[in-house]
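Novice: One structure, as structure tokens, below. Some questions next.
The values are calculated or read from the model by the stated rules, or taken from the named source; none is laboratory data. These figures come from a predicted structure and were not determined experimentally. Positions of Cβ are backbone-derived with ideal geometry, glycine not excepted, and every protein chain shown enters the neighbour counts. Protein only, heavy atoms only, side chains kept; ligands, DNA and RNA dropped before computing areas. Shrake-Rupley method; radii C 1.70, N 1.55, O 1.52, S 1.80 Å.
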Amino acid sequence: MGQRFNSGLSQADGPFQFIPTTWDQQMKRHGAKYGLQNANVKDPYASGVMAATYLQDNAKEYLSKHTKN
């Protein structure tokens with residue numbers, strides 16, 4: 001029996017529970033850079049890479065707003 005990543009109660013899917021708009025956004029920003037242009041949200045490797053890039057993007061944005069230069 002395979003892993004089930006979606007509870008059926010939300011649109012979030014995959015190991016890192018991306019909603020479709022966030023997944024599409026991350027794939028447009030970073031998919032080609034990592035050779036994941038056609039990756040599926042349920043692919044654990046692709047989902048992990050996109051989760052890491054999502055965290056990096058958010059950390060950069062947060063730091064740019066909340067640190068002194």
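Novice: Only one of GLY8, GLY31 is modelled with pLDDT under 95 and out of contact with any Gly (no Cβ under 7 Å at 6 or more places or on another chain). Can you tell me which? Spell out how you get there, then give the answer.
Specialist: Values: GLY31 fails: modelled with pLDDT under 95.
From the options GLY8, GLY31, the qualifying one is GLY8.
Novice: Please specify each residue of segment 14-32 satisfying the condition of being of a type in the set (Val, Ile, Thr) and assigned to a helix (DSSP H, G or I). Outline the logic, then answer.
Specialist: Applying the first criterion (of a type in the set (Val, Ile, Thr)) to segment 14-32 yields 19, 21-22.
Across segment 14-32, the qualifying residues are THR21, THR22.
Novice: Of everything in segment 33-48 that's assigned to a loop (DSSP other than H, G, I, E, B) and over 10 Å from TRP23 (Cβ atoms), which residue is most open to solvent (accessible area, probe 1.4 Å)?
Specialist: First pass over segment 33-48, keeping only residues assigned to a loop (DSSP other than H, G, I, E, B): 35-43.
Applying the additional criterion that residues be over 10 Å from TRP23 (Cβ atoms) yields 35-38, 42-43.
Details: GLY35: 55, LEU36: 18, GLN37: 114, ASN38: 154, LYS42: 106, ASP43: 58 Å².
So, considering only residues that are assigned to a loop (DSSP other than H, G, I, E, B) and over 10 Å from TRP23 (Cβ atoms), the one most open to solvent (accessible area, probe 1.4 Å) is ASN38.
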